[in-house]
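Written out below as structure tokens is the structure these notes cover.
The values are calculated or read from the model by the stated rules, or taken from the named source; none is laboratory data. Note that the structure is predicted; figures quoted are calculated from it, not measured. Here the Cβ positions follow ideal geometry from the backbone for every residue, glycine too, while neighbour counts run over all protein chains shown. For the accessible areas, the whole protein counts, side chains as well, though only heavy atoms, and no ligand, DNA or RNA atoms are used. Shrake-Rupley method; radii C 1.70, N 1.55, O 1.52, S 1.80 Å.
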Amino acid sequence: LPTASVVLVGNTGAGKSTLLNALLGECEVLPTNGMRACTAVIIELSCNDKEHGPKYEGVVEFVSPQEWETDLEDLLGDLTTQ
């Protein structure tokens with residue numbers, strides 16, 4: 001089958017993870033919290049269409065300290081020039 005990408009964008013704490021959990025028919029695939037933002041990172045979900053293996057699988061990717069420093073400098077530069 002062909003694949004399709006769907007992008008869900010919104011403010012922090014707007015309920016994007018809650019919506020995705022509801023669309024999946026699950027309560028806790030993505031963490032949610034009614035009092036504060038919980039995910040606060042980019043999430044990619046895909047269907048495991050194989051007959052065997054886990055229904056859901058998570059992969060965590062970390063940025064290096066150098067990437068973090070560069071991103072922080074860019075963000076601070078944007079904030080100070082506005």
For log10 I(q)/I(0) by the Debye sum over Cα atoms at q = 0.11 Å⁻¹, several values are listed as [x] -0.46; [y] -0.66; [z] -0.36; flag the one computed from this structure. [x]
Cα axis of helix 65-80 to longest principal axis of the chain: angle in degrees, 0 to 90, nearest 10? 60
What distance in nm separates the two pseudo spin-label positions at Ser64 and Asn33, each 7 Å out from Cα along the beta-carbon direction? 3.1
Obtain the nm distance between the two label points defined at Asp78 and Lys55 by a simple spin-label model: each point lies 7 Å from its Cα along the Cα-to-C-beta direction. 3.7
Probe 1.4 Å, heavy atoms of protein chains only: per residue, the accessible area of the chain in Å² is 97
